[in-house]
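The values are calculated or read from the model by the stated rules, or taken from the named source; none is laboratory data. Everything numeric here is computed off the predicted structure, so don't read it as measured data. Virtual Cβ from ideal backbone geometry, glycine too; neighbours counted across all protein chains shown.
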Amino acid sequence: MATYDLIVIGAGPGGYVCAIRAAQLGLKVGVAEGRATLGGACLNVGCIPSKALLHATHELHEANHNFARMGLMVDPPKVDWARMLGYKDEVIASNTGGIEFLFKKNKIDWIKGFASIPAPGQVKVGDETHEARAIVIASGSQSSTLPGVTIDEEVVVTSTGALALPSIPATMVVIGAGVIGLEMGSVYARLGTKVTVVEYLDAITPGMDAEVSKQFQRLLQKQGLQFVLGTAVQGVERTDTGATVIHKSRKDGREARLDADVVLVATGRKPYVDGLGLDALGVQMTPRGQIATDARFATSVPGIYAIGDVREGPMLAHKAEDEGTAVAEILAGQHGHVNYGVIPSVIYTTPEVASVGLTEEQLKAEGRAYKVGKFPFLGNARAKAVFQGEGFVKILADATTDRILGAHLIGPMAGDLIHEVAVAMEFGAAAEDLARTCHAHPTFSEAVREAALACGDGAIHA
Ligand code: FAD
Ligand code: NAI
């Protein structure tokens, strides 16, 4: 048994960042993690492996579609799927190993195994009970499924199964046109799989700026993904060769069936709290099954806190990380804080899609007077040079004060470009502040400046 200032349960982006920050601030920290490697869902079966496969298949797409245009004459590349999965596993291992190194460097104890909380101030792992002044639950989330759909992780898979299929399927049905469905759907479409995405709502990526969503769907269709929208999945049946997805149109109630070698269920994730013993402790939960917390991440039980996917808010690694930092600072007597109004979100397809702040739909619903500055990547020399002129940057600013309220991008490096706007928003900048900042030429970021200019007198290259 050991006594700690802080025990964190879960070593995902929320938990490991919390542990490191707390150790930096002088706390004695232990982290309980039941997985064989650190890093949580993000590093093991989420952000990192999906980005590795997106990268490899993007390169394949470039070789097949754009190399010859640039005078690079190669035989069409062949895919060695086992090696591609091996590359993905290497990327995972180097990242999870990196967290283990950081734990050692910061003198954080990894308490190996799944933990429960028998009483406030106590964490039990195996037969050992450890004491802690504070406990932070960062146990993350797991895939949710639908009634009538049984996951077997072979033919009917979640993202975890989709990241390690034994072979490249000829056909795949993806249920859910959210982030996982479109990222993993893109991976397989680029590998030659015929991908059909079935979505309950009438548009892909619910919550996203509607103009971006439409353009995104158009570009994905050009890449071969097919969409069946406004359709509720009723069930999935296993067949001799794969599975059949039974779905029903929400408009006319017509039922139809789709056969596929593999079905990816990507209809959202839910908080993971199994085995923690929260019921017995009386920890209050929200109606959506999340751990209820106050603004300082405290649960209803003194000394127990919760961060990341297990509590409310977007299920994003960087949101979990920022909450980890904030709660560590609060526990060390500082004033940790997360600005939920400026959390970027990114979809790592080609082109990338990124947004921060409010959408036009939200501004309209709030009845706020706003202006729109838009600039197409077709007017950006660098984007044209790399055959990625099809997206745009859209900046929304207050009609009177010019203060930036949101930005929505679809185009090359959108996931990196968005941070220029995020930083500007953190400083309360006006669109004119971005517009007057000198941007290097030729960079994709000039498109952001041009959109900011378009909020005022007008872009130069439009
Ligand atoms: P997790 O990362 O889920 O970590 C929780 C950890 O707690 C797990 O390792 C689990 O084993 C451990 N644990 C649970 N219970 C116990 C217990 N009782 N005792 C000990 N250990 C326990 N987000 C992004 O921002 N960008 C992306 O590109 C992105 N891509 C994704 C791709 C996929 C396919 C998926 C599934 C998710 C993706 N996400 C992405 C979401 C991101 O992975 C999560 O938001 C993030 O991992 C949440 O971090 P967390 O620390 O809250 O929990
Ligand atoms: P999601 O919430 O993004 O999308 C789920 C989709 O499934 C929605 O469009 C929803 O309308 C649809 N759906 C629900 N029920 C349905 C039904 N019966 N039939 C058809 N469609 C149905 O969830 P997803 O993609 O599973 O991702 C889970 C979480 O992981 C997300 O919250 C996301 O934040 C995170 N993530 C983030 C990534 C990133 O930041 N790049 C990448 C992957 C995941």
Mind telling me which of the residues Leu276, Leu281 ends up being farther than 30 Å from Ser355 by Cβ, assigned by TED's automatic domain parsing to the domain that holds Ala134 and crowded, with 22+ Cβ neighbours inside 10 Å? Leu276
Among Gly185, Gly207, which is the only one that is within 16 Å of ligand 1 (Cβ to nearest atom) and at pLDDT below 95? Gly207
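To keep it simple, each residue is scored yes or no on (1) closer than 30 Å to Leu220 by Cβ; (2) polar (S, T, N, Q); (3) touching a residue at least 60 places away in the same chain (Cβ under 8 Å).
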residue	(1), (2), (3)
Gly40	yes, no, yes
Ser50	yes, yes, yes
Leu53	yes, no, yes
Glu59	yes, no, no
Asn106	no, yes, yes
Thr129	no, yes, yes
Which listed residue, of Ile99, Ile92, is without any contact (Cβ under 8 Å) to a residue 60 or more places away in the chain, of a type in the set (A, V, I, L, M, F, W, C) and within 16 Å of ligand 1 (Cβ to nearest atom): Ile92
Just give me the residues in segment 121-138 being within 16 Å of ligand 1 (Cβ to nearest atom) and farther than 29 Å from Leu316 by Cβ, in sequence order. Gln122, Lys124, Gly126, Asp127, Glu128, Thr129, His130
On the basis of being within 16 Å of ligand 2 (Cβ to nearest atom) and closer than 21 Å to Ile404 by Cα, does Glu366 make the cut? no
Sort out which residues of segment 296-323 are of a type in the set (A, V, I, L, M, F, W, C), surrounded by 21 or more Cβ atoms within 10 Å (Cβ to Cβ) and more than 16 Å from ligand 2 (Cβ to nearest atom), and write them in order of number. Phe297, Ile304, Ala306
For Ile460, work out the one condition from (1) β-branched (Val, Ile, Thr); (2) closer than 22 Å to Leu220 by Cβ; (3) in a loop (DSSP other than H, G, I, E, B) it doesn't fulfil. (2)
Of the residues Gly148, Gly176, which single one is out of contact with any Phe, Trp or Tyr (no Cβ under 6 Å at 6 or more places or on another chain), at positive phi and at pLDDT below 95? Gly148
Single residue of Ala365, Ala326, Ala381, Ala385 found to be aliphatic (A, V, I, L, M) and surrounded by 19 or more Cβ atoms within 10 Å (Cβ to Cβ): Ala326
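Check Ile135, Ile111, Ile204, Ile168 and return the single one that is β-branched (Val, Ile, Thr), more than 9 Å from ligand 2 (Cβ to nearest atom), assigned to a loop (DSSP other than H, G, I, E, B) and buried (at least 16 other Cβ atoms within 10 Å of the Cβ).
After applying the criteria, what remains is Ile168.
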Would you check which residues across segment 139-165 are away from ligand 1 (no atom under 12 Å from the Cβ) and assigned to a strand (DSSP E or B) and list them? Val156
Answer with yes or no whether Thr231 is within 20 Å of Ser144 (Cα to Cα) and in contact with a helix residue (DSSP H, G or I) (Cβ under 7 Å, 6 or more places away or on another chain). no
Within segment 34-77, work out how many residues are closer than 23 Å to Tyr16 by Cβ and part of a loop (DSSP other than H, G, I, E, B). 7
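I'd like the residue in segment 141-165 that is among the hydroxyl-bearing types (Ser, Thr, Tyr) and within 9 Å of ligand 2 (Cβ to nearest atom) and, out of all such residues, is surrounded by the fewest Cβ atoms within 10 Å (Cβ to Cβ).
Only one residue fits best here, namely Ser144.
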Matching option when the condition is over 28 Å from the mean Cα position of the chain (by Cα) and closer than 30 Å to Ile347 by Cβ, among Lys251, Lys319, Lys270: Lys251
Residue under question is Asp240, and the condition is that it be away from ligand 2 (no atom under 12 Å from the Cβ) and part of a helix (DSSP H, G or I); does it hold? no
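Which residues, taken from segment 114-132, are in a strand (DSSP E or B) and buried (at least 22 other Cβ atoms within 10 Å of the Cβ)?
Ala115, Val123, Ala132
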Could you tell me whether segment 176-190 includes any residue that is among the acidic types (Asp, Glu), within 13 Å of ligand 2 (Cβ to nearest atom) and either over 21 Å from His58 (Cβ atoms) or over 20 Å from the mean Cα position of the chain (by Cα) (or both)? no
Taking the condition in a strand (DSSP E or B) and not aromatic (Phe, Trp, Tyr), does Met184 pass? no
